[in-house]
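See structure below.
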Amino acid sequence: MGQIAPGTPPKIVRRLQRSRIAYLLILPAVVCMLLVHYGPMIWGFMISLRDVNVFTVRDWMNAPWVGLANYAEGFDPAGRLGARFWRSLWNVTYFGIVTISLSYIIGMAVAHVLNRPFFGRTLVRGLVLLPYVTPDSVAYSVWRFIFQARIGLVNKWLLALGLIEEPLIWLVGSRSIYAVMTAAIWKGWPFNALVLLAGLQSIPKELYEAAVVDGASGWARFRYITLPSLAPVTRTLILMSILWNFNAFNQFHVMLGRDPGLHADVPSTLIMREAFQSFNFGVGSAMSFALMAFTLVFTIIYLRMLQPREDRRGRK
């Protein structure tokens, strides 16, 4: 940095002088964030305010200005598209509640098993991650085959057990979302197990030893030691899972196609069809931007609610 005027430099200048190397090192990442994330966000917001369609997309900057009309069309519950959007928002919320809860419970159970010493534990820990590291296109294509009505393994097992009398249709209609839930849980719980296992390994063993001396049961140790100690990890894990689930696309698109149907349509598939199949880019951008704003507001509220009371009082 250049010379500063005589006298004691301001506090911010001194801080910049001390951290100039750090700022230079993060500069490429900041530039990439601006180009890859914030630039397209601003571009999408501008498109959402214009009537950009297949006829005006080549010169979208001069497309007719419609203001908030695209938002009104996309979110009007009485309209065709608006009603479908609100139903898709409910679908993804229901999908997230089930998959996040079950993935967390399974991941917690597996993490406890992997945290105990046994022969081949390192190998098992690696094998557990196979579902998570499998590419989405491969994993969900296999699950689509498993849920096929005539040749799928699910119906064969149910028929063999006598639970059904004829094959069920899983990939169309009201059952389709449960098929996707099953596949998403199978693919998501290993990540939960990995994160929770790391959290378990950071808990001092002395806490459990002291609890055993005091006569605490296994459930008491889990409730009063494990869960509170894992609270920071759990908060971050749940937040990440919620954001991923609200943007769910691959599992629905691979297993159910471009139009998953009313019972399994989610905002991402609806936006994709509206923007790139119907070529109504303005409305598609409006729904996409609104979904991003919704997740941002939810994240802020979520973090605010889980912030310790002492910190909230200190910032007031």
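The values are calculated or read from the model by the stated rules, or taken from the named source; none is laboratory data. What you see is a predicted model, and the numbers here were worked out from it, not measured in a lab. We place every Cβ from the backbone using ideal geometry, glycine too, and count neighbours over all the protein chains shown.
Every residue in the range 16-68 that is hydrophobic (A, V, I, L, M, F, W, C) and part of a strand (DSSP E or B), please.
If the condition is that a residue be hydrophobic (A, V, I, L, M, F, W, C) and part of a strand (DSSP E or B), then TRP65 is the only one that fits.
Please go through the range 292-316 and pick out each residue that is among the aliphatic types (A, V, I, L, M) and either over 21 Å from ARG50 (Cα atoms) or at pLDDT 90 or above (or both).
Restricting attention to the range 292-316, the residues satisfying the condition of being among the aliphatic types (A, V, I, L, M) are 292-293, 296-297, 300-301, 303, 305-306.
LEU296, VAL297, ILE300, ILE301, LEU303, MET305, LEU306 - these are the residues of the range 292-316 that are among the aliphatic types (A, V, I, L, M) and either over 21 Å from ARG50 (Cα atoms) or at pLDDT 90 or above (or both).
Closer than 29 Å to ILE238 by Cβ, out of contact with any helix residue (DSSP H, G or I) (no Cβ under 6 Å at 6 or more places or on another chain), among the basic types (Lys, Arg) and modelled with pLDDT under 90: does that describe ARG150?
Details: closer than 29 Å to ILE238 by Cβ: no; out of contact with any helix residue (DSSP H, G or I) (no Cβ under 6 Å at 6 or more places or on another chain): yes; among the basic types (Lys, Arg): yes; modelled with pLDDT under 90: yes.
Answer is no for this residue.
Take TRP143 and tell me if it is surrounded by 15 or more Cβ atoms within 10 Å (Cβ to Cβ), closer than 23 Å to LEU262 by Cα and not aliphatic (A, V, I, L, M).
Details: surrounded by 15 or more Cβ atoms within 10 Å (Cβ to Cβ): yes; closer than 23 Å to LEU262 by Cα: yes; not aliphatic (A, V, I, L, M): yes.
Yes.
GLY82 - would you say it is out of contact with any Pro (no Cβ under 7 Å at 6 or more places or on another chain) and either among the β-branched types (Val, Ile, Thr) or surrounded by 12 or more Cβ atoms within 10 Å (Cβ to Cβ) (or both)? Give the steps one after another, and end with the answer.
Numbers: out of contact with any Pro (no Cβ under 7 Å at 6 or more places or on another chain): yes; either among the β-branched types (Val, Ile, Thr) or surrounded by 12 or more Cβ atoms within 10 Å (Cβ to Cβ) (or both): yes.
In short, yes.
Of all residues in the range 19-65 being free of Cβ contacts under 8 Å to residues at least 12 places away in the same chain and among the polar types (S, T, N, Q), which is surrounded by the most Cβ atoms within 10 Å (Cβ to Cβ)?
Looking at residues that are free of Cβ contacts under 8 Å to residues at least 12 places away in the same chain and among the polar types (S, T, N, Q), I get THR56.
Which one is modelled with the highest pLDDT, of the residues in the range 242-291 that are within 17 Å of ALA83 (Cβ to Cβ) and of a type in the set (S, T, N, Q)? Explain how you work it out, then say what you get.
Taking the range 242-291 and keeping what is within 17 Å of ALA83 (Cβ to Cβ), we get 259-267, 269-271, 273-274, 278, 280, 283-284, 286-287, 290-291.
Subset that is of a type in the set (S, T, N, Q): 269, 278, 280.
On the way: THR269: 94, SER278: 87, ASN280: 90.
Step by step, filter the range 242-291, then rank; the result is THR269.
Between a first residue in the range 269-298 that is over 16 Å from ASN247 (Cα atoms) and a second residue that is surrounded by 14 or more Cβ atoms within 10 Å (Cβ to Cβ) and among the basic types (Lys, Arg), which pairs have beta carbons less than 8 Å apart while being 6 or more apart in sequence or on different chains?
GLY282/ARG50
Run down VAL98, VAL92 and say which single residue is closer than 25 Å to GLY199 by Cβ, hydrophobic (A, V, I, L, M, F, W, C) and at pLDDT 90 or above. So that I can check it myself, show each step before the final result.
On the way: VAL92 fails: closer than 25 Å to GLY199 by Cβ.
Only one candidate passes the filter, namely VAL98.
Which condition number in (1) of a type in the set (D, E, K, R); (2) more than 15 Å from GLN251 (Cβ to Cβ); (3) in contact with a helix residue (DSSP H, G or I) (Cβ under 6 Å, 6 or more places away or on another chain) is the one that LYS156 fails?
(3)
Considering only residues of the range 87-102 that are among the hydroxyl-bearing types (Ser, Thr, Tyr) and closer than 13 Å to LEU291 by Cβ, which is farthest from the chain's Cα centre (by Cα)? First the steps, then the outcome.
Quick first cut of the range 87-102, residues among the hydroxyl-bearing types (Ser, Thr, Tyr) only: 88, 93-94, 99, 101.
Those still in the list that are closer than 13 Å to LEU291 by Cβ too: 88, 93.
Numbers: SER88: 16, THR93: 11 Å.
Checked the range 87-102; the qualifying residue farthest from the chain's Cα centre (by Cα) is SER88.
Just checking, does the range 242-262 include any residue being in contact (Cβ under 8 Å) with a residue 24 or more places away in the chain, surrounded by fewer than 20 Cβ atoms within 10 Å (Cβ to Cβ), more than 22 Å from PRO135 (Cα to Cα) and touching a helix residue (DSSP H, G or I) at 6+ places or on another chain (Cβ under 7 Å)?
We begin by selecting, within the range 242-262, every residue in contact (Cβ under 8 Å) with a residue 24 or more places away in the chain; these are 242-243, 245-248, 250-252, 254-256, 260-262.
Remaining after also requiring surrounded by fewer than 20 Cβ atoms within 10 Å (Cβ to Cβ): 242-243, 247, 250, 254, 261-262.
Narrowing the set further to residues that are more than 22 Å from PRO135 (Cα to Cα) leaves 261-262.
Remaining after also requiring touching a helix residue (DSSP H, G or I) at 6+ places or on another chain (Cβ under 7 Å): 261-262.
Checking the range 242-262: at least one residue is in contact (Cβ under 8 Å) with a residue 24 or more places away in the chain, surrounded by fewer than 20 Cβ atoms within 10 Å (Cβ to Cβ), more than 22 Å from PRO135 (Cα to Cα) and touching a helix residue (DSSP H, G or I) at 6+ places or on another chain (Cβ under 7 Å).
Looking for whichever is farther than 30 Å from GLN148 by Cα and not in a helix (DSSP H, G or I) here; the options are PHE279, PHE289. Which one fits? So that I can check it myself, show each step before the final result.
Numbers: PHE289 fails: not in a helix (DSSP H, G or I).
After applying the criteria, what remains is PHE279.
Are any residues in the range 147-189 surrounded by fewer than 13 Cβ atoms within 10 Å (Cβ to Cβ) and touching a residue at least 12 places away in the same chain (Cβ under 8 Å), and if so, which ones?
Listed by number, the residues that qualify are ARG150, SER174.
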